[in-house]
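The next block holds one structure in the form of structure tokens; read it before the comments.
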Amino acid sequence: MPNLTTIQTFLHEKFTGTHYQVWLGRPDEMELCLSNSESTISLPPQVLKLVGNNNYTLLNQENKTYMVIPFEDDYYIIICFLAEFSSMNQESFDQLSLLLSGFYYTEINRPNDNELEKVIESIQALTSTLDLNELLKKIISIALTVIPAGDAGVFRLYDTKTNLLVPRALVGMKDEYYQYKTKIGENISGKVFADRKPRIYHSREEIFSDNDSRGHIIFLQQKDIAKALITVPVLLGEECIGTLTVLQFSKNGLFTEKDVKLLQGFSSQVAIAYNNAKLYKDAQTRLETVVQLSTELEEKNQLLQQRLKVHDTLTQLSLKNKGMKKIIDETNRILNMPIGYVDLFDNEVYWGRNHQQNITFDMLNEVITLEQSSPIFTKIQNQEYYFYPIVVGSVIFGCMVATLSERHSQMDIVSIEQSASVLALELVKKISLTELHYKKAHEYFNQLLETPTHENIISTANQFNFKISSYSFVVLCEIPGSFEPYKVEARIQRLLSKINQELSNTNRLVYAFHNKITILISIDELTLVNTLVYNLEKIIIEWKSTERENLFGGIGTPYRNIEDIVKSYNEANKAISFLIGRNKPGLIRYEDIGVNRFFLNHPAQDIKNFTEEIFSRLRSDNVKSHDLEKTLMLYISSNNSAIETARKLNIHINTFYQRLKRIEERLELSFDNPEDMLKIHLACHLRDTFKL
């Protein structure tokens, strides 16, 4: 193949003394290849226009001779002789044409070989990785080596969920371009994706004209616009998975149809490499999922084995009636960590034999709420604890408390939860035994009411650690409302615990039946009654504060004779009925009811009818007439003091007397008549007492 040296030698021999320049390229990008002239010549544009269809054309212009040899793809070799030849040596020009044609094909094939090498290298680079993220980073960089006239690129993938083309890889563009997504059939990429035909643009005007989306045009107007671009579809078999675009911003040179074909060939390899990487990633994801599921299954199997081990061990202790404290001790041993049990019935906490903690029941009780049925993690005195409520039905009976360290595991938590389930069964069993005890106590108390003098009944009291002393009286406590059985039991148990704590040194028989607690107290001296009543009142006040529920209590009169216990019991019942009828929670002694005891057995409707006979006459259609009712109630409560009543009503004394006169007229009664006054006093008292 001839090279430039051969051509230079030929020109020197055949055109001795003549200056020349040899140019190669397309019309708008000619490259000077050979010259023996120091000055550069700007080729006149009309030179190429005059070229015919011959192998070469000779032209004389402006004291110069041009030899123009055309080739495919709009390539030319032009030799400019800085002299005009009067006579042309046809043989010399033919030989020169052959030499230059050989030189052309040598130069053209060399970049083709380079391009082929680049394509092969690019394919090797694409297939060298199965990492999807790494592949996306490489695609555009490799594409720009295949198409050197480009200095930026974007790879878009089709998103089946949104039906949009989404940028996945960028080079030479700002990251904000990732936000720009293209609809199918719109703009350049959308059209290429839709019809699967590549597109090439050589100017900004062409690019703008083929972007028909207003949003995209606004986006382009705000950014630097490429002066040329190529977009090709990325095809995987018959399926189009995206588009590949190479753009030119600052580089020189034209994109050619050859570049389009190169980019198409490269894009098909991109599709294969992307699909392989995606399949690999999916396989890796599935493998990781299988490994994770296998690990989780193994962990769950270990947790299940631990759960069964704890359950079997603690269940055996429960079956042997070892009690709750032994179960807590065994849980401490299994976990080798401080585990405590908060008993919300007896208001105490047990930490196990070898793990005593400097934390009290009151401190723990601040954390536990009766509505908190879910486990919680919390800190007390900078120490982290795990609280696991023990729930039966929807009622919290107690709570397991674990003192956590940095080394605690899920298996520890499972062991605690399993221990709690065994403790829940133990609590139910304890409740059943307690109910059995209450039933026996209830039967004994009823026998005591029916046949109090029978010696066997009196001696049976020893079974309940109770002794009949000089004076005996009954206290009844009732929690109103309707709850599920375990909720009632929980409330009763907490109340019983408080009562037993406050009356720990008192000779008593205590039991619960449904939502009522019966307390039979027997003492040696009557002077102790006031102290006991004070302690009971304190229990009720504390109950209302902590439980936020009403509690009604009635106390019967202390009697010396055993036969009168039934009388004290009936009095306590009447006292409770009196409080419930008035909806007045608290504790009251029967003797403090006073004159109201005469009305305890009267139907509420009869009492209401009696008061209405008085007060209905004081009403009329005039709203102000209600002042008469208020005036009468205040007058009676002020001990019939006219001055005090007028002051409370903030009216003149004469106005008060006028009202008093109207009251007498409407009631047809006289305040000077003792019998009429008794009737008025009684009506006002009943209305105030029973809130009618």
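The values are calculated or read from the model by the stated rules, or taken from the named source; none is laboratory data. Note that this is a predicted model, so its numbers are computed, not measured. Counting neighbours? That spans all protein chains shown, and the Cβs are built from the backbone with ideal geometry, glycine included. These area figures cover heavy atoms from the full protein model, side chains too; ligands, DNA and RNA do not enter into them. Shrake-Rupley method; radii C 1.70, N 1.55, O 1.52, S 1.80 Å.
Using a 10 Å cut-off on Cβ atoms, rank the peptides 496-502, 29-35 from the highest mean neighbour count down. Walk me through the numbers on the way to the answer.
Details: 496-502: 17.0, 29-35: 14.3.
Peptide ranking by packing, descending: 496-502, 29-35.
Taking amide hydrogens as placed 1.01 Å from N in the peptide plane, the amide H of Q61 sits under 5 Å from those of Y66, each at least 5 positions away in sequence or on another chain. Listed by chain and number, the aspartates and glutamates whose C-alpha is less than 14 Å from the C-alpha of K258, apart from same-chain residues fewer than 8 away, are E72, D73, D74, D113, E115. P(r) for the stretch 173-315, from all Cα pairs and a bin width of 5 Å, is 2, 8, 13, 15, 14, 10, 6, 5, 4, 4, 4, 4, 4, 3, 2, 1, 1, 0 %, short bins first.
Working from label points 7 Å from Cα in the Cα-to-Cβ sense, the E384 to E664 distance is 8.3 nm. With the simple spin-label model, which puts each label point 7 Å out from Cα in the Cβ direction, the E435 to E675 separation comes to 5.9 nm.
The orientation-averaged projected area of the convex hull spanned by the Cα atoms of the stretch 384-472 comes to 9.2 nm². Of the whole protein surface, R662 contributes about 100 Å² of accessible area at a 1.4 Å probe radius. Assuming R0 = 22 Å, what is the FRET efficiency of S504 and D592, from their Cβ-Cβ distance, to the nearest 0.05? My answer for the efficiency is 0.25. About its Cα centre, the stretch 386-544 has a charge dipole of approximately 100 debye under the convention of +1 per Lys or Arg Cβ and -1 per Asp or Glu Cβ, with nothing else charged.
Summarising the amide proton neighbourhood of F552: residues at separation of 5 or more, or on other chains, whose placed amide H is nearer than 5 Å comprise E478, G586.
With r defined as the distance between the Cβ atoms of N654 and S459 and R0 fixed at 60 Å, what FRET efficiency is calculated, to the nearest 0.05?
The formula returns an efficiency of 0.20 here.
Heavy atoms only, probe 1.4 Å: what % of the accessible area of the stretch 423-574 goes to carbon and sulfur, would you let me know?
49 percent
Couplings 3J(HN,Hα) for the stretch 642-653, derived from phi with the Karplus relation 6.51 cos²θ - 1.76 cosθ + 1.60 (θ = phi - 60°), are 5, 5, 5, 5, 4, 5, 5, 7, 6, 10, 6, 4 Hz, where x marks Gly and Pro.
Using Cα positions and a limit of under 22 Å, work out the lysines in reach of K300, with same-chain residues fewer than 8 apart set aside. By straight Cα distance, K300 reaches K309.
One chain, two ends: T106 and E29. Fully extended at 0.36 nm per residue, the span grows by 25.8 nm beyond their Cα-Cα distance. For I457, the solvent-accessible surface with a 1.4 Å probe is about 20 Å², rounded to the nearest 10.
Taking a 1.4 Å probe, which of D606, D159 shows the most accessible area, and what order do the others take after it?
So the residues, ranked largest to smallest area, are D606, D159.
For L287 and S405, what is the calculated FRET efficiency with R₀ set at 41 Å and r taken between the beta-carbons, to the nearest 0.05?
My answer for the efficiency is 0.70.
Based on the Kirkwood approach, the hydrodynamic radius assigned to the stretch 432-580 is 15.6 Å, with every pair of different Cα atoms included. Highest mean packing first, where packing is the average number of other Cβ atoms within 10 Å per residue, the peptides 18-28, 466-476 line up as 466-476, 18-28. Multiplying the residue separation of E13 and E206 by 0.36 nm and removing their Cα-Cα distance gives an extension gain of 64.5 nm.
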